[in-house]
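A short write-up of the structure that comes next.
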Amino acid sequence: MTGQDFDYLTRRVADLILTSRRVVVFTGAGISTESGIPDFRGPGGLWTKYDPEIFTIQRFLHDPEARRLYWKLRGSGKFMHPDVQPNPAHYAVAELEKIGKLDCVITQNVDGLHEMAGNSPDKVIHLHGTMEKVKCLQCGRQYSMDEVYQWMSQGIEVPDCPQCEGLLKPQVVFFGEAMPVWETAEAQRRSENCDLCIVIGSSLVVYPAALMPQYALQGGARLAIINREATDLDPSADVCIHEGAGKTMSTIMAIVREVMGNR
Ligand code: NAD
């Protein structure tokens, strides 16, 4: 993309934001790669190194070897380093809330970086759960992921419940697992009622999450997609920018800030 194209397209997205009242931001793993968390399907993503079959809920529940690999990857920080920080794209989304434009963020991510960047928890809908908590499937006790990391640092390879030795499962939606009912319905309702949907860093191939921008279009909203690679929804979008999320979102918000400051 030439510099001129980038300037033109970022201005167009800024215009869409300035002329909207209820913006829904839909985010995927690509918004967090610049924070050092690998995505699944981008070049160099986790699925280029591991078989996604290993990470289904069925394998996690019934195959001790799959569970061992899961916790090994978690403990090694290859999924997500414990000291991970938001990047400029997360801060730009938080700024949309500060200027009163954001209806909500619908995220597929489990990393908690939107809240760390300053979005209020009640503005973030987690479609695929969060990594912050772990639950015992036998007695129902909850533990923080920090506690689990502490046990692992003391040599425990596959953590189980300290109270009842039941199986511990992170509060994330695994492949093959049902979506959370309230979050899915609320995300659909918000998408149908927004006037602008901005997709940031999602391949839009994971369903039903990827339906959300489609619900926005069906409700009459305009659509902007910011993703390094093309997506199947690009032909339906008002603007597509195939560039890094951090640079793109901070450029867009600088334009929005400038125009709002001059009003
Ligand atoms: P995905 O891996 O299918 O697609 C990510 C997309 O982001 C790719 O198309 C890639 O080209 C693009 N991308 C990568 N870096 C980018 C950047 N800096 N700027 C702009 N675009 C960039 O991700 P998905 O659509 O979110 O689906 C994967 C599933 O995996 C989700 O359900 C999510 O829950 C989970 N996941 C979450 C995390 C996380 O919490 N950070 C990380 C990996 C996977």
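The values are calculated or read from the model by the stated rules, or taken from the named source; none is laboratory data. Quantities reported herein were computed from a predicted structural model and do not represent experimental measurements. Neighbour counts are summed over all protein chains in view; Cβ atoms, including those assigned to glycine, are modelled from backbone coordinates with ideal geometry. In case anyone asks, the SASA skips ligands and DNA or RNA and just uses the protein heavy atoms, side chains included. Shrake-Rupley method; radii C 1.70, N 1.55, O 1.52, S 1.80 Å.
If I filter the stretch 30-38 for residues that are free of Cβ contacts under 8 Å to residues at least 60 places away in the same chain, assigned to a helix (DSSP H, G or I) and near the ligand (Cβ under 8 Å from one of its atoms), do I get at least one hit? Don't jump to the end; show me each part of the working.
Initial filter on the stretch 30-38 (free of Cβ contacts under 8 Å to residues at least 60 places away in the same chain): 36, 38.
Among the residues that remain, those that are also assigned to a helix (DSSP H, G or I) are: none.
No, the conditions are met nowhere in the stretch 30-38.
Identify all residues within the stretch 57-73 that are under 24 Å from Val205 (Cβ atoms), touching a residue at least 12 places away in the same chain (Cβ under 8 Å) and open to solvent by 20 Å² or more (accessible area, probe 1.4 Å); write none if there are none.
Residues satisfying the conditions are Gln58, Leu69.
Here is a list of conditions, (1) open to solvent by less than 40 Å² (accessible area, probe 1.4 Å); (2) more than 16 Å from the ligand (Cβ to nearest atom); (3) within 23 Å of the chain's Cα centre (by Cα); (4) not aliphatic (A, V, I, L, M), and Cys136 meets all of them except one; can you say which number that is?
That leaves (3) as the condition not met.
Filtering the stretch 39-56 down to residues that are in a loop (DSSP other than H, G, I, E, B), without any contact (Cβ under 8 Å) to a residue 12 or more places away in the chain and among the charged types (D, E, K, R), which residue is farthest from the ligand (Cβ to nearest atom)?
Asp51
Just wondering, is there one or more residues in the stretch 93-113 that are closer than 19 Å to Ile200 by Cβ, within 15 Å of the ligand (Cβ to nearest atom) and without any contact (Cβ under 8 Å) to a residue 40 or more places away in the chain?
yes
Quick one: would you say Gly155 is assigned to a loop (DSSP other than H, G, I, E, B), closer than 21 Å to Phe79 by Cβ and open to solvent by 30 Å² or more (accessible area, probe 1.4 Å)?
Answer is yes for this residue.
Looking at (1) open to solvent by less than 10 Å² (accessible area, probe 1.4 Å); (2) away from the ligand (no atom under 16 Å from the Cβ); (3) not basic (Lys, Arg), which is the only condition Gln163 fails?
Among (1) open to solvent by less than 10 Å² (accessible area, probe 1.4 Å); (2) away from the ligand (no atom under 16 Å from the Cβ); (3) not basic (Lys, Arg), the lone unmet condition for Gln163 is (1).
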